[in-house]
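Please read the structure below before turning to the comments.
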Amino acid sequence: MTDTMYNPKRWPFVSHFQGTDLIIEHIEKFVCPTITSNQLLGGQPFVFKHDQRPRAVFLVAEKIYNTRSTLPVLAKRLFEDRLGFQTTVLHAADGIHEIKGMAQAVSKADLVVVSVRRRALPKKDLDALKAHLAAGKPLIGLRTASHAFDARGSGPKGHAEWPEFDAIVLGGHYHNHHASGPTTKITARRIAHPILTGIDKTFTSKGSLYMTSPLAKGTTELLSGSIPGKKAEPIAWTNQFGKARIFYTSLGHADDFKQPAFWQLMENAVRWTSQMKNAVAARP
């Protein structure tokens, strides 16, 4: 299909598979904006059968930091265009304790990115996430992921919570956050770690500083944050959950996405968690 539309050896220099994605996206936006490929295929999005790109699934269910808008941009520009992933971004509407399509998407994912806040989900969805981790597959958590599945009993009857997710999977200890207002100064630890490659030694964030200490045994703190008059708190770290590589950062405020340091941090985290050895993911 893509060879009939443009020369893959010229700009935008993408694989046949990503080229197919771009063509379908164009058709869905500008030719048939009232129907999408998954509606034509019985609920399944169009995927070329020989597409072997790694799959990243984004779970987005929070309102405060507007990751519904920021994460699709990250998925497209970083994961797809720069790193060669195939991405799926799933949203839950405000106040809804369900992310449509989660179980099916996560079951096929090579990497899961979580930006969820206090949701109780259908058991099959959390089971799919637990199976993903049990298989040794990586996960990246952003900001509210520290309390992603701790709905404090507010979820619908029959839905499941996972309040231990922060402690046992992420390796964190979220228990509150400081007031909004003060600018958080972020400092990189003086350690050699791939995720810190190319990261400024100090930068700032407008997001409120999360209280996340003490971290679990076995974690590796990478960044710390401080505001005037308060003790420093871990901002980013890695953990190992079984054989699964885990990265978490309490960054994720809308303004963080404007910072080159944040984009570099995320790229490095994807490479480390996914154990990418090449400049981009494998493209057949």
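Every read-out reported here was derived from the displayed coordinates using simple, explicitly stated rules and does not represent laboratory data. Just so it is clear, the model here is predicted, and its values are computed rather than measured. Every residue, glycine among them, receives a Cβ derived from its backbone with ideal geometry; neighbour counts consider all protein chains shown.
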According to a simple spin-label model (label point 7 Å from Cα along Cα-to-Cβ), what is the distance in nm between residue 258 and residue 93? 3.1 nm
Assuming 0.36 nm per residue, please report the length gained on full extension of the stretch residue 204 to residue 130 beyond their Cα-Cα distance. 23.3 nm
Work out how much length residue 69 to residue 183 would gain on full extension: take 0.36 nm times their residue separation and subtract the Cα-Cα distance, in nm to one decimal. 38.8 nm
How much length is gained on full extension from residue 175 to residue 197, taking 0.36 nm per residue of separation minus their Cα-Cα distance? 5.0 nm
Let me know the shape class of the stretch 124-211, please: from the alpha-carbon gyration tensor, a ≥ b ≥ c as square roots of the eigenvalues, rounded when a/c is under 1.5, otherwise prolate if a/b is greater than b/c, or oblate. oblate
Modelled FRET efficiency - R0 30 Å, residue 243 with residue 100, Cβ distances, 0.05 increments: 0.55
Given 206/231; 243/277; 63/137; 137/217; 76/108; 100/206, the pairs whose alpha carbons are separated by over 29 Å: 100/206
Using a cut-off of 11 Å between beta-carbons, work out the net charge of the residues near residue 206 (Lys and Arg +1, Asp and Glu -1, residue 206 not included). -1
Among the lysines, select those whose C-alpha is under 17 Å from the C-alpha of residue 157, and discard any that sit fewer than 8 residues away in the same chain. 123, 124
The answer for the net charge of residues other than residue 143 whose Cβ lies under 9 angstrom from its Cβ, with Lys and Arg +1 and Asp and Glu -1, is -1
Which residues does the label zone of residue 167 cover in the stretch 235-269, counting backbone N under 18 Å from a point 7 Å along Cα→Cβ? 239-242
Specify the inter-centroid distance of the stretch 79-158 and the stretch 216-273, based on alpha-carbon positions, in whole Å. 18 Å
